[in-house]
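> I'd like to ask you about the structure that follows.
The values are calculated or read from the model by the stated rules, or taken from the named source; none is laboratory data. Since we're looking at a predicted model, the values are computed, not measured. All Cβ positions, even for glycine, are placed from backbone atoms using ideal geometry, and neighbour counts span all protein chains on display. SASA here: full protein model, heavy atoms, side chains in, ligands and nucleic acids out. Shrake-Rupley method; radii C 1.70, N 1.55, O 1.52, S 1.80 Å.
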Amino acid sequence: GAALIVLNSRDFKTILHAIPSLFGWFEDPRPRLASRLKLMLATHRRHGRLRLQDHLKEIKDPVLKTAITQFVDGTGIDIILQVLETEKDRVRRRGEVTSVFFENLGGFAPTFGIVGTVISLVSVLSHLDEPTLLAQGVAEAFIATFYGVLFANLVFLPLSMRNSNLTQYNVETIDMLAVGLKALSKEEHPLLLSERLGVFLVGGQKS
């Protein structure tokens, strides 16, 4: 409740949309995107821009599909890059909302755990004349703090960090797409594109 009270309806929907990806298996999309961009560049150099339409039916990513469609339709590269910058800002903002939410949960959980412990201890103090109940009550009181710290460090904060990493992957994917579109517009050699895209891949490996 404390974490939700600061959210508006749009942010709440953003968080609900992001939660499934935080618990599922993540496959880095960048190597596959690098291969796709290199293949499209080779097609463009050999057969022209219109033949890139053959790749559209195989593209599932909506951002990539929209950008390539615009490129095939003759939209200027500067306009397409502006659209990608806008998309990148949107991805960053949505990622920040989700990460901050789980970070707040990680901060609130131990605090409310301590509150629960204090309330329990107040109740325990009414049984000072009963040593058996006193010992049991003190042990039960600290369970609230235990769960607060446990959920904060085992669930909420790791989810916040995972979401930040996923957001960074998505931002870099859009950056890769921008590099690929620039290469398409200039009809660069695929090997040169491979060198540039390698910066985004693990260990700087070539695509």
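> If we count chymotrypsin sites (Phe, Trp or Tyr not before Pro) as exposed when they sit in a DSSP loop and have at most 16 other beta carbons within 10 Å, what is the longest stretch of the chain that avoids them all?
Longest site-free region, per DSSP loop and neighbour criteria: 27-207.
> Along the charge dipole of segment 5-146, pointing to its positive end and built from +1/-1 on Cβ of Lys, Arg, Asp and Glu, which listed residue (25, 109, 56) has its Cα farthest out?
So the residue we want is 56.
> Now for a different question. Dipole size in debye (nearest 20) for segment 71-194 around its Cα centre, Lys and Arg Cβ +1, Asp and Glu Cβ -1?
Roughly 80 debye for segment 71-194.
> A 24 angstrom limit on the alpha carbon distance is what I want to check against. Which of 13/182; 88/182; 13/38 exceed it?
13/182; 13/38
> Rounded to the nearest 500 deg cm²/dmol, what is the calculated helix-only ellipticity per residue at 222 nm for the chain, with -39500 (n - 2.57) per DSSP H run of length n ≥ 4?
It lands at -25500 deg cm²/dmol.
> Turning to a different aspect of this structure: With all protein chains present, calculate the accessible area of residue 59 using a 1.4 Å probe and round the result to the nearest 10 Å².
Approximately 10 Å² of residue 59 is accessible to the 1.4 Å probe.
> Relative contact order of the chain, please, whole-number percent, based on alpha carbon pairs below 8 angstrom and at least 6 residues apart.
Over the chain, the number comes to 31 percent.
> In whole Hz, with x marking every Gly and Pro, tabulate ³J(HN,Hα) for segment 76-86 from phi via Karplus 6.51 cos²θ - 1.76 cosθ + 1.60, θ = phi - 60°.
Working through the residues one at a time gives x, 4, 5, 5, 4, 5, 5, 4, 5, 5, 5 Hz.
> Compute the acute angle (0 to 90°) between the alpha-carbon long axis of helix 131-151 and the principal axis of greatest extent of the alpha-carbon atoms of the chain; round to the nearest 10°.
The answer is roughly 10 degrees.
> Let me ask something additional. Of the listed values (1) 54, 16, 11; (2) 44, 25, 13; (3) 27, 20, 16, identify the label whose number matches semi-axes √(5λ) of the Cα gyration tensor in Å calculated from this model.
(1)
> So, one more: Determine the order of 77, 15, 5 by accessible area, beginning with the largest, at a probe radius of 1.4 Å.
The ordering from most to least exposed comes out as 5, 77, 15.
> Right, another one. Dipole of segment 13-72, Cα-centred, from +1 at each Lys and Arg C-beta and -1 at each Asp and Glu C-beta, to the nearest 20 debye?
I would put it at about 300 debye.
> Mind checking the dipole of the chain: about its Cα centre, +1 per Lys or Arg Cβ, -1 per Asp or Glu Cβ, Debye to the nearest 20?
The calculation lands at about 1260 debye.
> Run the simple label-point estimate for residue 49 and residue 16 please: 7 Å along Cα→C-beta, distance reported in nm.
4.2
> Taking the chain as a Gaussian network, Cα atoms linked when under 10 Å apart, which of 195, 27, 85 shows the biggest mean-square fluctuation?
Highest fluctuation of the listed residues: 27.
> Moving on. Between the DSSP loop rule and a limit of at most 10 other Cβ atoms within 10 Å, which trypsin sites (Lys or Arg not before Pro) in segment 41-115 are left?
57, 60
> Looking only at 106, 24, 180, which one moves most when the chain is put into a Gaussian network model with springs between Cα atoms under 10 Å?
Highest fluctuation of the listed residues: 24.
> Would you mind checking segment 150-166 for residues with the amide N under 16 Å from a putative spin-label position 7 Å along Cα→C-beta of residue 114?
What the label zone holds, given the 16 Å backbone N cut-off, is 150-153.
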